[in-house]
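To start, the structure itself, in structure tokens.
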Amino acid sequence: MQTKISRYFLQLLTVTVLLAVTLIGSLWFWDTYKVYLRDIKEIRTSSLTQQRREIKEQVEFALKYISYMQHKTTKNAPASDQERIKSEILDWLQHYRWDKNNCNYIFVGNYDGVMLAGPPEVIGKNMLGVTDIHGVHIVQEFIRLAQNGGGYLQYVMPKFKNIRSIPKISYIGAVPEYYWFIGTGRYIDDIKAVIAARKHQLNKEFISHILQICILFLLLSTLILVIIFIVSRRVRSNLEPFVSFFHQASSNFVQIQEDKLNFDEFRLLAEDANTMLRERDKIQEILRCQENLLTGLAKAGHQLLSGSELDLAVTDALAILGKTCGVDRVYLFEIIGRQNSETKVTLRYEWTNNGNSRLDDPRFQRISQTLLKSRWAAELRQGHAVHSGVDDFSGEAAELSREYGVKTILLLPVIYRGRFWGVLGCDTCKEPVHWSSNNIHSLQSFASTLCTVIMQRRSEREATRIRDQWITTFNSIKDAIFLLDTDNRVVNANAEALRVAGVGNLSAILGKNLPNILHGKGTRFKACLAELTLEQGIPLSDEVHSSKLDKFFFSSSFPVYHQEGELAGVIYIARDVTREKNMEQQLIQARKMEALGTLAGGIAHDFNNILAAIMGFSELALVKLQHRETVGLDDDINQILQAGKRAKELVAQLLAFSRNQESRKAVIKGEPILEETIHMLRAFVPANIQVTTQISPEKRTIFADPTALHQVFMNLGSNGAQAMKDKGGRLLIKLEETPLSREQQQRISEPAESYLHIVFSDEGGGIDPRIVDKIYDPFFTTKEVGEGTGMGLAAVHGIIEDHDGFMELENKPGIGATFHIYLPQTIKTNTQHIASILDQQKTATRTFKLVLIVDDEAMLLAMYKDMFSLLGCDTLTTPDPNNALAFLKNNPDIDLLCTDYDMPEMNGLELATQCHDLRPNLPILLNSGLQVDLDSDAVQRAGVSAILTKPVALQELQKTLLLLTERKN
């Protein structure tokens, strides 16, 4: 049998070696042949590349020469010099040859196809029509390449006369200044001789390589056969111990005597066989340990799930695990978050068999992961276990481990829902414990189960705490809260709801219908809000008066849905606002009276303007009647009537503002009320606040209470003015007709077709975002005591809602606040338009040639114009002080300035100062309707000649003008 095996081994090895030698030889031959073919291909490619590069370099050299010649002449050189340079360039190119045989030349032509340099037989000829045998227009392609920046062209043409055509490649460049193309080329057959010589050399090298390979392989095959014969004899003597080994190894523990084997391979094989038997015994021992570990893990899991107290159950489970594994300490670390961009862990649970616990050691609370090797931390985060000795720790960690007697350590990552949750560790303080991969895998599975149970038990405990906290909070809320089902029956209620219902416990109202407990009539809705929410599925709010309880409630109902989207019930919230409702009515009246004090100064100024207009136009009418002048008399009387009506309306509004009366709505126009408010605001706001208006010319009507709207506008305007009282700014009041956006329409049950949009915008720094939600609450204010500013935003909001409108706040902290009011328009309109034109001029004794009149009140401006006209003066009028300055600069004929003192953009004293700087000798009259103390020094520096107090009488004006005339003369 041994002889057959040896012979078979010898034959097999011989055939294998011969096949291997043949295969290697074939591969070597094929590789050599491929190299040969590649070299042939590379010869042609490299030759073509070299030729292309060479002709390009020649063209670039010629272009550099042309550029050099061009720089020798200036741009403004005479045409004869430039033509001479061109001639020198062409002559040099015509005689330039660049190959070793001086045969290759440079050719040049212009963009018209005429050849300028090259073979003598083509110079001066137009070659645009020349083509090769394939129909390529050679010169046309040259021109195209030159215009595109240059390039290569391959074509076919005869090399010499009466010889067949040969492929040729040329490189073309451009001389754009002269509209030339320039190029040179080479015939492809010039490299055939080089290729043939190189190919012949490669053939000789290839044959030489083949002969060397054959000789080498023959010698190698002979040597290998001899070696195989010798080796086969020794192999036969080494097979006998293995035959004996395999007969006995299945039942007995036997060993192969390795020193009797001749070959290292057989000795290694024998060593592996002996190792296999030893590993078999070890695996049997490991399986027994694994069985014990799984039994211990099962007991620990049972203890973990059955324990009543979480901390005690986890500690008992760790104790069972430690005793099963034969370790001295088992513990669980948990990640508690990040501090200063560093992950922290803390020791949560621990069992030790020596009573030396680390739970009370503060050094094991909020431990940094830097105590471990960074490689260990990375492996744990990736889900890999770490097993090592104390020597592998860092300095601080090693000291802590030695202090507690740790020798070796096993760290297992705890993964919870795909997240690194913590670390389960096992320490040995005596003999090290061997941890197999199966044991580690089982412990990792137990660690994940342990974490899952801990988190589940914590969630249950937290849910219980949250439930108790919710019940406490629910019963602590001072609003009555009812939880209703889809039949509007009570399923739960808080303590305040039980108090409102007048019962002592929930069972007294459980299952009862809400309207039977808390019935009332709402301001907006007559039916129960909860029933409407169940029908419509939307949140609703209303102020409800319960006649049964004789109380007012601000009630809200909110739908509650299942996860499937079906309506599950309603949350009904009722806040007792009886006390606030009573105090709100008292507060509204008190604030209206308080606002009158703030408006008093402005009202006085407004009445002075009205009286000034009445007296002035009355005197004008009287003078005209005395002189039997009827032209313009009716306009003067109309102005008097208009002033009287305005005074009457102002008195009526003030009385209505101060009285506590019911709302009386009618179809009215919004523009007159807003304009009246603007007049009042301009009267009492400081001069550093500019009241700007943007009122649409359309006349629209609304169904509203004029007094209530006047109160709303005055409140918003005074609030904006007070917000800007320190730094000043612009108060924008805007009115326009506008449709609602889609979002606005969704918030209104039945929107009107169009709305009046009123805007009050200030630059007072805006509203603190923390109190924006409270500005409409009754009794809420941010103003100091004594700062009366109207009736409050709560009343404003209530008035707008009473008119079926709504408000929006556009708040920009640090910039300002904008209130948007939307009031529904009515169908009725009033298109009556009243206009009056004052165009009267009377020639009288002339005191001044041209008077410039400045007043922001149009009525007074017209009156002053007529007064000065009656006194024989021509006038220029403007309500804008800036326009007055422009008039003064452009009209040198102006010899008197008459200006009002209190104007929004610039007061009269400031205007007088600037006019005095422009015209120091200009007389200036200053009119004032307010009782203000003017600094005499400031008046003198401003160049004011006289001060008139409103209302100004015609006779008083005439006396003043006569006095100024005397001073002038």
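The values are calculated or read from the model by the stated rules, or taken from the named source; none is laboratory data. Fair warning: this is a prediction, and the values are worked out from it, not measured in the lab. All Cβ positions, even for glycine, are placed from backbone atoms using ideal geometry, and neighbour counts span all protein chains on display. To get the accessible areas, we keep the full protein, side chains included, count just its heavy atoms, and leave off ligands, DNA and RNA. Shrake-Rupley method; radii C 1.70, N 1.55, O 1.52, S 1.80 Å.
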For this session: First check a/c for segment 60-125, with a ≥ b ≥ c the square roots of the eigenvalues of its C-alpha gyration tensor; if it is under 1.5, answer rounded, and if not, answer prolate when a/b is larger than b/c or oblate otherwise.
Result: oblate
Problem set entry | Relative contact order (percent, whole number), segment 79-149, Cα cutoff 8 Å, 6+ residue spacing | 18
For this session: Could you tell me what percent of the accessible area of segment 418-552 is made up of carbon and sulfur, with a 1.4 Å probe and every protein chain present?
Result: 53
For this session: Evaluate the distance, in nm, between pseudo-label points positioned 7 Å from the Cα of GLU743 and of ILE123 along their respective Cα→Cβ axes.
Result: 8.5
Seminar exercise, completed: What one gets for segment 878-969 as the Kirkwood radius, inverse of mean 1/r over different Cα pairs in Å, is 13.5
Exercise. How much net charge surrounds GLY765 when only other residues with a Cβ under 10 Å from its Cβ are counted (Lys, Arg +1; Asp, Glu -1)?
Worked result: -2
Seminar exercise, completed: For segment 421-427, Karplus-derived ³J(HN,Hα) couplings (6.51, -1.76, 1.60; θ = phi - 60°; whole Hz; x for glycine and proline) come out as 9, x, 9, 9, x, 10, 10
For this session: Determine the per residue accessible area of segment 411-509 with all protein chains present and a 1.4 angstrom probe, expressed in square angstrom.
Result: 52
For this session: Provide the net charge surrounding TYR901, with neighbours chosen by a C-beta distance below 11 Å and charges set as Lys +1, Arg +1, Asp -1, Glu -1.
Result: -4
